[in-house]
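> Below are the structure tokens for one structure; questions will follow.
The values are calculated or read from the model by the stated rules, or taken from the named source; none is laboratory data. Keep in mind that this is a model prediction, so the values were computed, not measured. Using ideal geometry, Cβ is built from the backbone for each residue, glycine included, and neighbour counts are taken over all protein chains shown. Heavy atoms of the whole protein, side chains included, go into the accessibility calculation; ligands, DNA and RNA do not. Shrake-Rupley method; radii C 1.70, N 1.55, O 1.52, S 1.80 Å.
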Amino acid sequence: KSFNDAFEETLRREGGYRLHKVAGDTGGWTYAGIARGKNPQWAGWDYIDRGDTPPTEMVRAFYRSGYWEPIKGDMLRYDIAASIFDFAVNTSAPGRPTLAVKLAQLVAGVTPDGSMGPVSVAALNGLTMNAFHLGFFAAKVKRYAEIVNRDRSQVKFLLGWLNRSLGALE
């Protein structure tokens, strides 16, 4: 498995190739999981504004360069990379998957600096799948609880976030 597999799994969780807006979502209008409010510079908005559909490869490139490459997805075991990638997409701006990397680093027992370097890659690849997935699941749940405790308007997303996190345990 590779980036393309992780991308397809995450895109399914993000709602596929469709334009939508969810009340209370701070990202505003979203296409293929790309929130306009957080990614106004994405070239795909030009297509949407003209009433066209952005090319699939444009969406794929956005996710590869913004999330997969910064987490060093090609250097990590697939299941670990796919899980970090999915959480990064759900919680981070492209090019800055710092939170996802920090949580993974905490699970791996290395300094949580938010940058995926060779020490982090080796430590993560050295974990058993159970150790990684259970530890990362617990870290994600804690993060989602912090979000909801800080901003009660976000509670309506909690079940979806938890289900998304549980899906990574399968």
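> Pick from region 6-36 the residues that are over 19 Å from Asp46 (Cβ atoms) and among the polar types (S, T, N, Q): which of them is least open to solvent (accessible area, probe 1.4 Å)?
Among those that are over 19 Å from Asp46 (Cβ atoms) and among the polar types (S, T, N, Q), it is Thr10.
> Scanning for something modelled with pLDDT of 95 or more, more than 18 Å from Glu8 (Cα to Cα), more than 15 Å from the chain's Cα centre (by Cα) and surrounded by fewer than 18 Cβ atoms within 10 Å (Cβ to Cβ), does region 75-83 turn up at least one residue?
yes
> Examine region 98-105 for a residue that is more than 19 Å from Lys140 (Cα to Cα) and at pLDDT 95 or above, and state whether such a residue exists. Outline the logic, then answer.
Initially, region 98-105 is screened for residues more than 19 Å from Lys140 (Cα to Cα), giving none.
Within region 98-105, not a single residue is more than 19 Å from Lys140 (Cα to Cα) and at pLDDT 95 or above.
This table checks each residue for (1) open to solvent by 50 Å² or more (accessible area, probe 1.4 Å); (2) of a type in the set (Val, Ile, Thr); (3) within 15 Å of the chain's Cα centre (by Cα).
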| site | (1), (2), (3) |
| --- | --- |
| Pro94 | no, no, yes |
| Val107 | no, yes, no |
| Val119 | yes, yes, no |
| Leu127 | no, no, no |
| Val141 | no, yes, yes |
| Arg150 | yes, no, no |
| Val155 | yes, yes, no |
| Gly167 | no, no, yes |
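> Here is a follow-up. Does Asn39 count as in a helix (DSSP H, G or I), on the phi < 0 side of the Ramachandran plot and in contact (Cβ under 8 Å) with a residue 12 or more places away in the chain?
Criteria not met by Asn39.
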